[in-house]
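Engineer: Take a look at the following structure, please.
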Amino acid sequence: MSDGSYPSSEMDTDRFAVIAAPRPRRWTNAIIIAVMTLAVAVVAGIVYVAISSAKRMQDAAPPPVATQEPLLQPSSSRSPSRAPLSTTTTTTSSTTSDLKPVSGPAGLTVSLPPSWSVHAGAVASNREATDPGEASRLIRFGGNPGGSGSLFDITARNETRNTAISTGYQRVRLDKIAFGGASEAVDWEFTFTKGGKPTHARGVYWRIGNTDYVVYISSSEASWAESAEIFDSVLASAQPR
């Protein structure tokens with residue numbers, strides 16, 4: 001007999017259906033969040049290790065140290081002891097007659113006495129020529145890609161950093177000069193002690209485009225007068241300029 005209401009069996013079925021309905025599983029979301037957090041931590045750890053490794057390699061690399069006479073870094077307080085000489089002086093000295101053209105790095109060509117021996121320099125950016133009649137006399141010439149700073153600053157740092165000239169070093173001049181078509185040029189002359197003997201040296205450094213060039217000479221102080229004449233002639237012959 002029915003009074004219009006659900007039978008007790010249908011009501012019980014519906015009640016159990018409601019009770020058995022699944023609830024959201026909060027632990028599933030927690031696992032997803034934990035996995036994502038772990039992945040981020042792993043990636044961050046890999047990046048940290050890579051950066052730390054690169055820094056250790058950089059710190060372990062020794063700084064460059066100049067150990068030979070200058071080729072081509074702040075300037076000292078020593079003042080020039082005499083006025084600069086002209087960089088275009090000509091000479092009729094028999095030592096500089098009948099010069100022959102010799103090619104160097106970066107396309108630099110200079111004219112040298114034919115009896116001089118020319119060979120590779122201590123670094124790839126220069127060649128070296130030696131005088132068979134004067135063992136102390138040598139000329140270096142060549143070029144290399146220009147540095148990021150001014151040519152004057154690059155040259156001046158050699159005063160304090162170049163260990164090859166540190167003994168007895170005295171500046172004669174360190175001047176910015178005009179030289180041919182160069183955008184910047186520096187004339188550096190100095191004396192120092194080499195092998196226990198007084199030595200005199202001079203280099204002219206100039207920049208054309210993205211290339212820095214140099215002509216450099218050194219000899220014993222006793223033979224410097226003749227060396228200065230040779231230097232002027234070789235410098236005047238330098239191409240490009």
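Engineer: Out of the residues in the stretch 172-200 meeting the condition of being within 21 Å of GLY147 (Cβ to Cβ) and touching a helix residue (DSSP H, G or I) at 6+ places or on another chain (Cβ under 8 Å), tell me which one is surrounded by the most Cβ atoms within 10 Å (Cβ to Cβ).
Structural biologist: Among them, the one singled out is VAL186.
Engineer: Further, regarding this structure: May I ask you to say which residue of THR155, THR167, THR163 is in contact with a Phe, Trp or Tyr (Cβ under 9 Å, 6 or more places away or on another chain) and farther than 26 Å from GLY209 by Cα?
Structural biologist: The match here is THR167.
Here is a yes/no grid of residues against (1) of a type in the set (A, V, I, L, M, F, W, C); (2) more than 15 Å from GLU189 (Cβ to Cβ); (3) in contact with a strand residue (DSSP E or B) (Cβ under 8 Å, 6 or more places away or on another chain):
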| site | (1), (2), (3) |
| --- | --- |
| SER136 | no, yes, yes |
| GLY146 | no, yes, yes |
| GLY149 | no, yes, no |
| ILE154 | yes, yes, yes |
| ASN162 | no, no, no |
| TYR169 | no, no, yes |
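Engineer: In the list GLY142, GLY104, GLY146, which residue meets the criterion of being surrounded by fewer than 20 Cβ atoms within 10 Å (Cβ to Cβ), over 19 Å from LYS197 (Cα atoms) and under 24 Å from the mean Cα position of the chain (by Cα)?
Structural biologist: GLY146
Engineer: Continuing with the same structure: Select, from SER220, SER227, the only residue that is at pLDDT 95 or above and over 20 Å from GLY104 (Cβ atoms).
Structural biologist: So the residue among SER220, SER227 that is at pLDDT 95 or above and over 20 Å from GLY104 (Cβ atoms) is SER220.
Engineer: Looking at (1) within 24 Å of the chain's Cα centre (by Cα); (2) crowded, with 20+ Cβ neighbours inside 10 Å, which is the one condition that is false for VAL110?
Structural biologist: In the conditions (1) within 24 Å of the chain's Cα centre (by Cα); (2) crowded, with 20+ Cβ neighbours inside 10 Å, VAL110 misses (1) alone.
Engineer: Still on this structure, please answer the following. Could you list, in sequence order, the residues of the stretch 119-139 that are crowded, with 17+ Cβ neighbours inside 10 Å and over 17 Å from TYR213 (Cβ atoms)? Working first, answer last.
Structural biologist: So the first thing to find is which residues in the stretch 119-139 are crowded, with 17+ Cβ neighbours inside 10 Å, and the list is 121, 125-129, 131, 136-139.
Once the filter is applied, which keeps residues that are crowded, with 17+ Cβ neighbours inside 10 Å and over 17 Å from TYR213 (Cβ atoms), the stretch 119-139 yields ASP131, SER136, ARG137, LEU138.
The values are calculated or read from the model by the stated rules, or taken from the named source; none is laboratory data. Just so we're clear, the structure is a prediction, and the values are computed from it rather than from any experiment. In this analysis, Cβ positions are derived from the backbone assuming ideal geometry, glycine residues included, and neighbour counts consider all displayed protein chains.
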